[in-house]
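Below: the structure, in structure tokens.
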Amino acid sequence: MSTVANTIFSPELAARFDHLATIYPLKRSALVPMLLYAQDEIGYVSEAVVSEIAKRLDLFDLDVRNVLSYYSMLRTKPAGKYNVQVCTNISCMLRGGYELLDHCKAKLGIGHKEVTPDGVFSLEEVECIGACCWAPAIQINYDFHDDLTPEKVDVLFQMYRDGQGKDVK
Amino acid sequence: MPTLVSHPDEVKVVSRRFGMGAAEIERYIELDGYKAVQQAIAEGPEWIINTMKASGLRGRGGAGFPTGMKWSFVPKVSEKPKYVLVNGDESEPGTCKDHVLFLHDPHSVIEGTMIAGLAIGSKLGFIYLRGEYRYLLKIVEKAVADAYAKGFLGKNIFGTGVDFDIITQTGAGAYEVGEESALMESLEGKRGVPRIKPPFPAVVGLYGGPTVINNAETIANAPHILLMGGEAYAKLGTERNGGTRLFGISGHVERPGIYELPMGYSLRKAIYDVAGGVKDGKKLKAVVPGGASCPVLTADEIDVGLDFDQMGKAGTMLGSGGIVVLDDTVSIVEFALRTISFYQHESCGWCIPCREGTDWIKKTLTRVHAGGGSKKDIDNVQYLAENMMGRTFCPLGDAAAMPTLGFVKKFRKEFEEYIEGNKAGTPIITVEQLVGAGH
């Protein structure tokens, strides 16, 4: 059991982390999942998250930061409540991925890795998300939306604005 | 939600349970689930490996290494624990087959992991999914929990005295982690940079122990092969290319989707019959036949069988089975730039030829695409790509160089015309002006 006092995570997440630190042959294996799960709850990987995870896994903060900077899904600044990730890789590009990206930029009034002033949406152009056969596709947080058109994107945005978007975590 | 498609030419082995609710353990059991693993326990490791060898199954991740042989390389006696690691970090552009597999038949991946574990004498398996596949990870996690609840995983599985555990793991966004040694690094909580080989993972792998690493589709085939027999599976395909595989046909086709076709099936038929032909009746221009890293085939090169050897002879690769179809409206200059931009973004930076090569090819093609290129740029791109080949720890360098070489060699005329057509009035743009261009 972890002896680290939980300061920033919900009791559920802290309990999950206690468990994760015990299941692997080496404790450090829990690092990447922990960073992502912490981000899911806090919104981004803050300095406090780095320190607490380092303590839990007996690592230096620097070890954690080294790993953090490698993975494209991990971020050190808050994103919008709904992070819109538009795939423009080859299969999506052939079926209108860039048109979708331009549409999202215009509709949300923001660019790549920017957040709307109300904090509801952020936008990211991403590499292949594994939905090639149902292109063009986007992910809003972890939820996939495929076979899209600009019109369908408008409907989606309205759904999320109205709080009816799915939020897989 | 991914739509399921089907075609009469399909031979369904690994996709047999798709759309049948087999993510639920009771349904999976009804559909012959967890029978193969019990037979494997009864028959023993040698039988498993011999059956897998007889099946002619080759790795479905892209490299096509014979699975039975890979399993047989693991030392029988080892001081360190042995591991099975399932690669579900599916990230090759054009590839989404494991997406459907995890969604519709997660237990087949679990059962295959157990079979691999029995074959090599391992007691612990890992199933690693890319971070973006969170909803699929949930499905796999539930399937694993259900298998534990039934006593199929854990101590004394099926009451046979055998122990086997499975841990599921999420990535957090990194194409490079799909490479087997980088995958192990990631699972050990580190940056996903590749390890030098040898030693190969079968000898020194995860946590220093002997490790078998297989693609999720490869692993999911194992239970089917044990139930139907190695020879019967082999017969579905061509010589040295046993069985069937999941092909993901995407891009400019009428009916994109995941189809399970026998190995050796005609690429032309896959495009024109199975996927319904080029979208909107347009003309075919080119095909990227096995994920973004495979050299492109032109429209008159598609009379080739979809197996590892025939595709190799045709100067390309079967790769991950992701067939990307391009109609004649596509600019190869733009497509080549998008492809290299991906590899430049994903290069982990560990090996200089890959880090610098992808970056300079991207910069050069960005200039060409922007209208400021010169013919010498085409030679430079080719020179850079040729010098990346075989000079990196992992195949990412090759994966970036191979398609690039394909584009500039097969479509050189288009590059030249593009540059010629833009010459009038367009000043040469310096690379410095373009640094930071693209995304």
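Every read-out reported here was derived from the displayed coordinates using simple, explicitly stated rules and does not represent laboratory data. What you are looking at is a predicted structure, and each value in this text was computed from that prediction instead of being measured. Counting neighbours? That spans all protein chains shown, and the Cβs are built from the backbone with ideal geometry, glycine included.
Observations on the structure shown:
- Cα gyration tensor shape for the range B:121-221, rounded if a/c is under 1.5, else prolate or oblate: oblate
- Prolate/oblate/rounded label for the range B:25-235 (Cα gyration tensor, a/c 1.5): rounded
- For q = 0.14, 0.18, 0.31 Å⁻¹, Debye-computed log10 I/I(0) when each Cα of the range A:14-62 counts as one equal scatterer: -0.29, -0.48, -1.32
- Neighbour-count ranking [beta-carbon atoms within 10 angstrom, fewest first] of B:420, B:90: B:420, B:90
- As a length-normalised measure over Cα pairs under 8 Å and 6 or more apart, the relative contact order of the range A:11-68 settles at 31 percent.
- Label zone at residue A:77, where the point sits 7 Å out along the Cα-to-Cβ direction: the range A:114-139 residues whose backbone N lies under 12 Å: A:114-116, A:123
- Gyration tensor verdict on chain A (Cα atoms; rounded if a/c is under 1.5, prolate if a/b is larger than b/c, oblate otherwise): prolate
- Spherically averaged projected area of the convex hull of Cα atoms, the range B:244-327: 4.3 nm².
- Across all Cα pairs in the protein assembly as shown, the calculated P(r) in 20 Å bins from zero up to the longest distance comes to 20, 56, 23, 1 percent per bin.
- Ordering of B:19-25, B:247-253, B:381-387 by packing is B:247-253, B:381-387, B:19-25, highest average first (other Cβ atoms within 10 Å, averaged per residue).
- Here each label is just a point 7 Å from Cα along the line to Cβ, and for residue B:155 and residue A:18 those points are 2.2 nm apart.
- Set of aspartates and glutamates near residue B:12 by C-alpha distance (under 12 Å), chain-local residues within fewer than 8 positions excluded: B:260
- Entry note, the range B:280-335: relative contact order of 45 percent, from Cα contacts under 8 Å with a spacing of 6+ residues.
- Neighbour-count order for B:351, B:394, fewest beta carbons within 10 angstrom listed first: B:351, B:394
- R0 of 41 Å, Cβ-Cβ distance residue B:313-residue B:374: FRET efficiency to nearest 0.05: 0.70
- Under a Gaussian network description of chain A, with springs only between Cα atoms under 10 Å, the residue in A:11, A:25, A:33 that fluctuates furthest is A:25.
- Averaged over peptide A:138-144, the number of partner chain Cβ atoms lying within 10 Å of each residue's Cβ comes to 3.
- Put in order of Cβ neighbour count within 10 Å, fewest first, the listed residues A:71, B:272 become B:272, A:71.
- Per residue, the protein assembly as shown reaches -12500 deg cm²/dmol at 222 nm when only DSSP H runs of four or more residues are counted, each adding -39500 (n - 2.57).
- Chain A, relative contact order in percent, only Cα pairs under 8 angstrom and at least six apart counted: 17 percent
- Subset of B:138/B:197; A:77/B:138; B:53/B:97; B:53/B:197; A:27/B:123 violating a 30 Å alpha-carbon distance limit: B:138/B:197
- Peptides B:45-56, B:184-195, A:116-127 ordered by packing proxy, namely the average of other Cβ atoms within 10 Å per residue, highest first: B:184-195, B:45-56, A:116-127.
- Length released on extending from residue B:391 to residue B:38, taking residue separation times 0.36 nm less the Cα-Cα span: 122.6 nm
- The mean count of C-beta atoms from other chains within 10 Å of the C-beta of residues in B:89-100, rounded to a whole number, is 5.
- Extents of chain B, taken as max minus min of Cα coordinates on every principal axis and listed largest first, are 79, 47, 36 Å.
- Mean-position separation - Cα centroids, the range A:95-141 and the range B:67-83, in angstrom: 44 Å
- Nitroxide proxy distance, nm - points 7 Å out along Cα→Cβ at residue B:416 and residue B:299: 2.1 nm
- The mean number of partner chain beta-carbon atoms within 10 angstrom of a residue's beta-carbon across peptide A:84-93 is 6.
- In nm, spacing of pseudo-spin labels at residue B:5 and residue B:409 (7 Å Cα→C-beta vector): 3.0 nm
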